[in-house]
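These notes concern the structure reproduced below.
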Amino acid sequence: MRFALVNPNWRFDGSIYFGCREPHLPLEFGYSRALLEREGHDVLLADGQLHDIDDEDLADTVAAFRPDAVVITTAPSYLFWRCAPPELRVPQHTLRAVRGAMGDGHQPMVVVVGPHASTTPGAALRKLQADVAVLGECEEILPRLAAGPDAWESVPSIAYSRGADDLRVNGTPHAADMAALPALKWSAADILRHRHHHHRFDREPSRAGAEMEVSRGCPYHCTFCAKENFRDDYRKRPIPTILEELDALIAQGVEYVYFIDEIFLPSRELLEAFVDRPFSFGIQTRIDLWNHGMLDLLGRAGCVSIEAGVESITVEGRNLLDKGSRLSTEQLAERLIYARGRVPFVQGNLLESGTDDPVAVEAWRQHLQQFGVWANKPVPMFPYPGSPDYTRRWGTPDDRAWERAMEHYLAQFDEFSDIQDARPRPLAELELSDVR
């Protein structure tokens, strides 16, 4: 069977999207390609964002491949499944172009993967006019779809329609066996295009960057994190697999790797293996999980960027967000400052919890900045479907979940994230009512 894995050329005008706009390696499609090819399928990974290909040219490339299945994602890279654009505008436009390029003679099966498919599969199927949605992590499920629609009743973690009002949902979102997924391999063309060093601020890139995973999932359940239906249970990759993938990237000229783990946990064995390898890296973590000795090792291993979730400067605020922090606010500040003495860039992330005094927040930010630690202005929280915050407000997400979350967000806030250069627009203004 012929599978086209399509990552659109994303654009974000009018969106609330909080994530980075630069291209990143689509790790979920890298694993999927490896597993599909292992079972004898032909695979095209068409990455419109990394290679800056517009919808028409991307559609022509896909049509020339003559796929039996087109797999499209609803978020730009696995790194941003937790903070995806709420709207499906971009995959809608891409699929419309693909269908047009195919003509009437050959229309492949359309598979949708990503946070929308996992959390609101009915809405994702309808808006994208797709045939089947994968719930949760897609890599191990896609090969099972090759058996065709007649066999879908026996495939777990998918949703599909058998009629206008007959949505079938098989089981719960899938969690991949991270010990079984292979070391990823990327083409020289992919690496050459990947000039971005995600969340790096100590110097300008001189050679290629990349993204990797050390683990997937998180043992914590903060209210704002949209991971209930994907990337939830914490699982580690084997260290030999990690090093095999890393060494291949270094051999291709990669000088910086961003580990996209929801939470990069301290591992002496892994960090000691990094020490003598010629690369730098960035992580996102919780600073309260690191002691001074492990922060010393983290710096020696090559870490140049830490994004640490603090979220609130008060115990009450952190408790409201279910942070369960081990340290006091003063201890968190001390740990961030200590880390900054070993790592060139350290950030303490703050969210608008509604409990923190703005004057106290600004004083705390100024204190950290005296020691070279960056603490952002508190960011308004979007109640992502699939987060505990959404569920506490409205219950289990339904087909209007993304619209409801957007309406609430626009009504609640007048000021938005500093990376949003204009007031976000409602989904109805962004999405197509007909994708054909």
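The values are calculated or read from the model by the stated rules, or taken from the named source; none is laboratory data. Since we're looking at a predicted model, the values are computed, not measured. A quick note on method: Cβ atoms are made from the backbone with ideal geometry, for glycine too, and the neighbour counts reach across all protein chains shown. To get the accessible areas, we keep the full protein, side chains included, count just its heavy atoms, and leave off ligands, DNA and RNA. Shrake-Rupley method; radii C 1.70, N 1.55, O 1.52, S 1.80 Å.
Structure above, values below:
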item	result
Members of segment 44-62 that are buried (at least 21 other Cβ atoms within 10 Å of the Cβ) and of a type outside the set (G, A, S)	D47, Q49, L50, L58, V62
Selection within segment 173-210 - small (G, A, S), part of a loop (DSSP other than H, G, I, E, B) and more than 18 Å from the chain's Cα centre (by Cα)	A179, A180, A183, S187, S206
Test result for D52, out of contact with any His (no Cβ under 7 Å at 6 or more places or on another chain), on the phi > 0 side of the Ramachandran plot and part of a loop (DSSP other than H, G, I, E, B)	yes
Unique residue being touching a helix residue (DSSP H, G or I) at 6+ places or on another chain (Cβ under 9 Å), under 26 Å from G209 (Cα atoms) and open to solvent by 20 Å² or more (accessible area, probe 1.4 Å) when the list is R66, R82, R99	R82
Conditions (1) farther than 24 Å from R11 by Cα; (2) in contact (Cβ under 8 Å) with a residue 60 or more places away in the chain; (3) open to solvent by 30 Å² or more (accessible area, probe 1.4 Å); number of the one not met by H106	(2)
Near pairs, Cβ below 7 angstrom, 6+ apart or cross-chain, from segment 373-388 (open to solvent by 20 Å² or more (accessible area, probe 1.4 Å)) to any residue that is among the aliphatic types (A, V, I, L, M) and outside any strand (DSSP E or B)	P378/V361
Residues of segment 269-286 satisfying the condition of being under 28 Å from L350 (Cα atoms) and either in contact with an Asp or Glu (Cβ under 9 Å, 6 or more places away or on another chain) or modelled with pLDDT of 95 or more (or both)	L271, S280, F281, G282, I283, Q284, T285
Those residues of segment 214-266 which are more than 24 Å from W402 (Cα to Cα), crowded, with 17+ Cβ neighbours inside 10 Å and of a type in the set (G, A, S), in sequence order	S215
Yes/no for G40 being open to solvent by 30 Å² or more (accessible area, probe 1.4 Å) and at positive phi	yes
Candidate set: segment 103-151, residues that are closer than 15 Å to D398 by Cα and among the charged types (D, E, K, R); chosen: the one farthest from the chain's Cα centre (by Cα)	R126
Matching residues, segment 254-304, being touching a strand residue (DSSP E or B) at 6+ places or on another chain (Cβ under 7 Å), not β-branched (V, I, T) and not in a loop (DSSP other than H, G, I, E, B)	E255, Y256, Y258, F259, S280, F281, G282, Q284, C303
